[in-house]
Amino acid sequence: MLELSIFQIKNSREPLTQISADLTFADGFYQRAKDLVYEVKSAHVEGQLFYDEPFVTGNFQVEADLLVPSSRSLEAVPLKQKFSFVENYSDHEPTQEEKELGLMIIPLDDDRIDVQTAVEDNMLLNIPSTVLTKEEAEEDLYPEGQGWEVMSEQDFAGQKKDQVNPAFAQLQGLLDKMQAEEDKDKAEDEEK
């Protein structure tokens, strides 16, 4: 668990507190991320933290190699992540004015900044909503089974466009019947 002390950062003689660490992930993370991440193969965080009244601000850069489920088939897909995030930590509940600054302000119950959890949360937030295996992406493959299949929105729209609404089909039949009767009546009137 990678944790830092707000007190030490506030009182440090150095303007920046630097961190560089390889992270390991406990069972708690995998339970929390069970539908999003199969495995974290490696993760490294670099960061700088500094005190800027009234917050300690952390600027972090993360690189990670994950195995995540395909959004189509749930097969394991390797995913490389490289992202940055900034968080502000406060040892008190943010005031309304501080909230209006539009900053990510995290109030802490104690003196500890939990960098590990911050990285874990942002790692999950940075997983794309669509993740495909190489084959799914290149060949436009969709899963299917007995009596069911997944199709693209374009295929669905095309199929729906070609499909006749049963209510309109009945109405068209009724209109055709009425037109035929009208034509028959006209033909009879012309014969007279």
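Computed on the Cα trace of region 46-92, the radius of gyration divided by the Kirkwood hydrodynamic radius gives Rg/Rh = 1.26. Computing Cα extents along the principal axes in Å directly from the structure and comparing it against (i) 58, 34, 28; (ii) 113, 37, 27; (iii) 113, 44, 25 singles out (iii).
Neighbours of residue 180, meaning other residues whose beta-carbon lies under 14 angstrom from its beta-carbon, give a summed charge of -3 when Lys and Arg score +1 and Asp and Glu score -1. Relative contact order, whole percent, for the chain stands at 18, derived from Cα pairs under 8 Å and 6 or more residues apart.
Take every Cα pair under 8 Å whose residues are at least 6 apart in sequence, average their separation, divide by the length of region 17-83, and the relative contact order is 29 percent. Here the Gaussian network model covers the chain, with springs between Cα atoms less than 10 Å apart; of 155, 176, 22, 176 fluctuates the most.
Just add up the charged neighbours of residue 46: K/R +1, D/E -1, any other residue whose Cβ is under 14 Å from the Cβ of residue 46.
Details: positive: 82; negative: 22, 63.
Summing Lys and Arg as +1 and Asp and Glu as -1 gives -1.
At an R0 of 22 angstrom, the distance between the Cβ atoms of residue 76 and residue 153 translates into a FRET efficiency of 0.30.
Sorting 92-102, 7-17 by average packing, meaning the other beta carbons within 10 Å per residue, from highest down gives 7-17, 92-102.
Here, each number is a calculation from the coordinates, and none is a lab measurement. Keep in mind that this is a model prediction, so the values were computed, not measured. Every residue, glycine as well, gets a Cβ built from its backbone with ideal geometry; the counts of neighbours run over all protein chains shown.
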